Amino acid sequence: MGSDSATFCNAGTPGDVSDDYEGSGRFIFLAGATPFDDAQTINAAFVELALPLADNLETQISARYEDYGGDTGSSFDPKIAVRLEASDAWTLRGSASTTFRGPTLNQLGGRSTTLSFVGPTGTFKAVDTFGTEDLDPESATTANLGAIFTRDDFAMGKGSLTVSVDYWRFDFEDPIIKEDFNSLIALAFPGGTLDPSSPYASRFNLAGDGTSSSDIQRIKVNMINGPDIDTDGIDVAVMYETDAGPGTLTYTGQLTQTLSYDVGASELGSGFDALGTLNDNVAYLRPVVELKGKLGVKYERGDNTYNLVANYTGDYEDNPPNASAPNSGFGPRDIDDHITFDMHYNTSINNGNSAVWLSIYNLTDEDPPYARLDLNYDPYTHNPFGRMIKLGLRHSF
């Protein structure tokens, strides 16, 4: 049981060249600003209780109360977790909870400017993001159900095996997101021509007397409560350990399979399935890869440990914003799956007072798979660095 309180402050006074009445300012890209001085106090209380209902059954009950004050309000979020040792080999576990996150000061007010590629213009344009005072908090309902199998005398007593399988689900409501400017363009420029009656027409600065989406010079977007998002998947982990000569050999495997990632409908557009796609044309989403995994083998002998790990990222679809345009030539295209290897060695010396380790990441010097983005790869999923070597030394005095 406990409580805490935190106060956040956000203040700033723009210089003369950033006067908001100067519009975009003398440097064109960055928008002007006004003085701001905001504060937010969050009070919370929490309690956690462990209930051993039986020798083989454990239950944990917890709850958290948070008060953001003002229009954000408060929330009470409980959690229950249960663990049952069904037998010497089998353990079952599950949990369910709700969560709550209020908007930050930056999301409630202020303004920031970013540079984004705007498809109809064929180039990068400034996008101004404005905070919104009446944002609702975002919340989620989460659930997990899993099983663990353990066998110490596996393979005729030659080794021990542990396998865990978990199903997870997250249902997000009113997530706090930045408006997707591609959706605003579609609503304000039906057929590529500005509709002056659209409630979103005022969000765009156009070149001269232009009326086409290709004339867009600057876009205004707001922080909003976005569409509901539901996702679920399965995690699998395997470990097998056995004696091998004078040492111990351990095999490991981890796999995450995302089964669904559904985005609900909103006033900006209909719902859609984001699973297995790059989602580069949706401002508030990141790539959702269906399959990721790791395989490892480790050998320990005395003070020496050798470890080799294979990292796998499955393929997914690259679907650019203008893929549906007639004769665009930019239809859906796969981003290839990707495998890299990491190797690690460490040893203890000087009676255990010192340790030396050597790591080689991306052992085979693989390039990230090609994606139709500015960097020619997906920076949210893949690492652009080639082979990297790291040498470390630690000594205790």
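Its DSSP H runs of at least 4 residues, each contributing -39,500 (n - 2.57), put the calculated 222 nm mean residue ellipticity of the chain at -1000 deg cm²/dmol, to the nearest 500.
At an R0 of 51 angstrom, the distance between the Cβ atoms of Trp90 and Glu133 translates into a FRET efficiency of 0.45. Placing dummy labels 7 Å off each Cα toward the beta-carbon, the span from Glu58 to Ala147 is 2.1 nm.
With 0.36 nm allotted per residue and the present C-alpha distance subtracted, the Val163-Ser359 stretch has 67.8 nm of extension available.
For region 64-129, the normalised intensity computed at q = 0.14, 0.16, 0.20 Å⁻¹ comes to -0.71, -0.76, -0.89 (log10 of I(q)/I(0), Debye sum over alpha carbons, equal scatterers, no solvent). GNM remark for the chain: springs join alpha carbons under 10 Å apart, and the peak mean-square fluctuation among Ala89, Ala274, Ala140 falls on Ala89. Ranked by the mean number of other Cβ atoms within 10 Å per residue, highest first, peptides 132-138, 243-249 order as 132-138, 243-249. Straight Cα distances below 17 angstrom link Lys292 to none of the lysines, with same-chain residues fewer than 8 positions distant left out.
Couplings 3J(HN,Hα) for region 121-134, derived from phi with the Karplus relation 6.51 cos²θ - 1.76 cosθ + 1.60 (θ = phi - 60°), are 8, x, 8, 8, 10, 6, 10, 8, 10, 10, x, 10, 5, 9 Hz, where x marks Gly and Pro.
Inter-part distance, region 81-150 to region 345-362, computed on C-alpha centroids, equals 38 Å.
Would you indicate which of [x] 35, 24, 19; [y] 47, 27, 18; [z] 46, 29, 24 is the value of semi-axes √(5λ) of the Cα gyration tensor in Å derived from the coordinates of this structure? Matching the structure shown: [z].
Throughout, read-outs are computed from the coordinates displayed, never taken from laboratory work. Keep in mind that what you see is a predicted model, and the values were worked out from it rather than measured. A quick note on method: Cβ atoms are made from the backbone with ideal geometry, for glycine too, and the neighbour counts reach across all protein chains shown.
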